[in-house]
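What follows is a single structure, written as structure tokens, with notes after it.
We did not get these values from a lab; they are worked out from the coordinates using the rules stated. Remember, it's a predicted structure, so these values are computed and weren't measured experimentally. Glycine also receives a Cβ, built like all others from the backbone with ideal geometry; neighbour counts cover every protein chain displayed.
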Amino acid sequence: MIPAQSNFLSEFLNSLFNIPVAYTEPISYAALGIIAFVVVYVLGRAVVMPVADRAMDRRGLEANAKKPLRKVVFFIVLFVAVAAAFAASGRGNILTSLATVAAAATLAIGFAMQNVIANFVAGVFIFVEKPFKIGDWIQFDGNDGVVEDISLRVTRVRTFDNELLTVPNSQLTDNVVKNPVDADKLRLKFLFGIGYDDDIEKATDIIMEEAEAHGGIMDDPGPSVRLTELGDSSVGLQSRIWIANPSRADFVKTRGEYVTAVKRRFDEEGIDIPYPTRTLTGGIDVAEGPVAGE
């Protein structure tokens, strides 16, 4: 059955351009479909998108969560506009068109975009579970850096060598990701090696004193030192310290200053930091015989 609008448009084209009805009907259907698509798309961008933005603002969503959700709303608007175009062009009612478009899209996506779907689902888990957020320092798969952007497909991480890593979200949800700055404090460990002839108690006191004197090291929890290793050439004293509100810069700066201060005190107190040595024993036998070339 030909809709009244299509019939009117067909008669208008026939009277204006003297086009046969066999050609005017498909043209009128196509024109109605295009008009329906444009109207729904424009209304969606002008009405639905701002309403969605205000709803996200009322819920207090962060920028990294709003950006992918706006993309989802945009694709919904686009999907409805395509379905409306199908319905207006005589391809059934709007519900039938929605089901047709959805079935075709599902089939195409299922075969051609398996990896994209996996990353999309992983992105949803990242937004829901929030293992990290933009600005966090994370460590994963031998890499570490600061999260610059999180989308529904990939996460972008800036390394400390200023390299930008574009990481598929599925790699971050399928593997272990460390987030050292998730809590309000971070524990650092460093192993100091001293000689077997050095005074362990004196070295322990120096390590503790330098930790307590450093302004960036927390008093609660306080620092601690334990003898944890008897190596081939050194005794290992492991120091554990805590820093507040950690960042990668704080981590590197505090550890560097602390280790430097302990090394300076060791030098002043005559405590050795040995390096591996090897002792060769035995002898060399020289056999008598003709010299080469003689």
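Listed peptides 161-173, 226-238 appear in the order 161-173, 226-238 once ranked by packing, highest mean of other Cβ atoms within 10 Å at the front. Within the straight-line cut-off of under 28 Å between alpha carbons, the lysines reachable from K178 are K66, K67, K130, K133, K189, K253, sequence neighbours fewer than 8 places apart in one chain being disregarded. Once the C-beta distance of D184 and A46 is scaled by a Förster radius of 45 Å, the resulting FRET efficiency is 0.55 to the nearest 0.05.
The length gained on full extension between A55 and E269, counted as 0.36 nm times the residue separation minus their Cα-Cα distance, comes to 70.5 nm. Sequentially through the range 194-201, phi angles give Karplus couplings (6.51, -1.76, 1.60; θ = phi - 60°) of 10, x, 5, 8, 7, 7, 5, 5 Hz, Gly and Pro residues having no value and appearing as x.
Distance between the modelled labels on T228 and K71, one decimal in nanometres: 4.1 nm (7 Å Cα→Cβ projection).
If R0 equals 25 Å, the separation of the Cβ atoms of D219 and Q139 corresponds to a calculated FRET efficiency of about 0.40. Only Cα sites of the range 131-178 enter the Debye sum here, all with the same form factor; the resulting log10 I(q)/I(0) across q = 0.14, 0.16, 0.26, 0.27 1/Å is -0.26, -0.34, -0.98, -1.07, listed in q order. Protection proxy ranking for 51-59, 66-74, using the average of other Cβ atoms within 10 Å per residue and placing the highest first: 66-74, 51-59. When the alpha-carbon atoms of the range 158-215 are used, the pair Rg, Dmax equals 19.3, 53 angstrom. Most tightly packed first, judged by the mean number of other beta-carbon atoms within 10 Å of their residues, the peptides 176-189, 140-153 read 140-153, 176-189. Using R0 = 25 Å, the C-beta based FRET efficiency linking A63 and E212 works out to 0.05. Amide H contacts of T155: V167, N169, each under 5 Å away and 5 or more positions distant or on a separate chain (H built 1.01 Å from N in the peptide plane; Pro and chain starts excluded). Stokes-Einstein diffusion for the range 185-269 at 25 °C, viscosity 0.890 mPa s, with a Kirkwood radius from C-alpha pairs, works out to 187 µm²/s. In this rough spin-label picture, where each label sits 7 Å from Cα along the Cβ direction, the D174-D199 distance is 5.8 nm.
Couplings 3J(HN,Hα) for the range 244-254, derived from phi with the Karplus relation 6.51 cos²θ - 1.76 cosθ + 1.60 (θ = phi - 60°), are 8, 6, x, 9, 4, 5, 4, 4, 5, 5, 5 Hz, where x marks Gly and Pro.
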